[in-house]
1. Looking only at region 1-17, count every residue that is exposed (fewer than 12 other Cβ atoms within 10 Å of the Cβ) and either away from the ligand (no atom under 16 Å from the Cβ) or more than 22 Å from residue 89 (Cα to Cα) (or both) and tell me the total.
2. Looking only at region 18-58, count every residue that is away from the ligand (no atom under 16 Å from the Cβ) and part of a loop (DSSP other than H, G, I, E, B) and tell me the total.
3. Do the conditions hold for residue 101, that is, is it in contact with a helix residue (DSSP H, G or I) (Cβ under 8 Å, 6 or more places away or on another chain) and away from the ligand (no atom under 15 Å from the Cβ)?
4. Considering only region 25-61, state which residues are within 12 Å of the chain's Cα centre (by Cα) and in contact (Cβ under 8 Å) with a residue 24 or more places away in the chain.
5. Any chance you could count how many residues in region 59-74 are more than 10 Å from the ligand (Cβ to nearest atom) and under 16 Å from residue 10 (Cα atoms)?
6. Can you tell me which residue in region 87-106 is farthest from residue 8 (Cα to Cα), limited to those that are at pLDDT below 85 and part of a loop (DSSP other than H, G, I, E, B)?
7. Is it the case that region 62-70 has a residue that's touching a residue at least 40 places away in the same chain (Cβ under 8 Å), in a loop (DSSP other than H, G, I, E, B) and surrounded by fewer than 11 Cβ atoms within 10 Å (Cβ to Cβ)?
Ligand SMILES: [Zn+2]
């Protein structure tokens, strides 16, 4: 059974799914989104951009990282960035118009 990580803003009820938790001993070493042949998360530019936008969007908010087994039912009300439910926000939509992309000439 795999365990996934989620980056949450408790104030805005949004979350960014981080992918599968890869452990070193009993500590999470990193998260990996996609199959084993996919680039590491930090090399997936859209995910990397979404992470930085999420940090900027939720400055001074209550944020945290939880694994799936730590999520409770109240989190079902959260909007997932990059999720595929009707209430979720695609990564394309989330990044549209983000000034951080313009800073690099995108
Ligand atoms: Zn927030």
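1. If we filter region 1-17 for residues that are exposed (fewer than 12 other Cβ atoms within 10 Å of the Cβ), which is where we start, we get 1-2, 11.
Still in the running and either away from the ligand (no atom under 16 Å from the Cβ) or more than 22 Å from residue 89 (Cα to Cα) (or both): 1-2.
Going through region 1-17 one residue at a time, the tally reaches 2.
2. Going through region 18-58, the residues away from the ligand (no atom under 16 Å from the Cβ) turn out to be 18-49.
Next, only the ones that are part of a loop (DSSP other than H, G, I, E, B) stay: 25-26, 33-40, 44.
Matching residues across region 18-58 total 11.
3. Details: in contact with a helix residue (DSSP H, G or I) (Cβ under 8 Å, 6 or more places away or on another chain): yes; away from the ligand (no atom under 15 Å from the Cβ): yes.
Taking the combined requirement at face value, the residue satisfies it.
4. 31, 46, 47, 49, 50, 51, 52, 53, 54
5. Taking region 59-74 as the starting set, the residues that turn out to be more than 10 Å from the ligand (Cβ to nearest atom) are 64-74.
Subset that is under 16 Å from residue 10 (Cα atoms): 64-68, 70-74.
Looking only at that region, the number is 10.
6. My answer is 105.
7. Initially, region 62-70 is screened for residues touching a residue at least 40 places away in the same chain (Cβ under 8 Å), giving 62-69.
Subsequent filtering for residues that are in a loop (DSSP other than H, G, I, E, B) retains 62.
Retained after the next criterion (residues that are surrounded by fewer than 11 Cβ atoms within 10 Å (Cβ to Cβ)): 62.
There is at least one residue in region 62-70 that is touching a residue at least 40 places away in the same chain (Cβ under 8 Å), in a loop (DSSP other than H, G, I, E, B) and surrounded by fewer than 11 Cβ atoms within 10 Å (Cβ to Cβ).
The values are calculated or read from the model by the stated rules, or taken from the named source; none is laboratory data. Values in this document were obtained by computation on a predicted structure and should not be read as measured data. Note: ideal-geometry Cβ built from the backbone for every residue, glycine included; neighbour counts use all protein chains shown.
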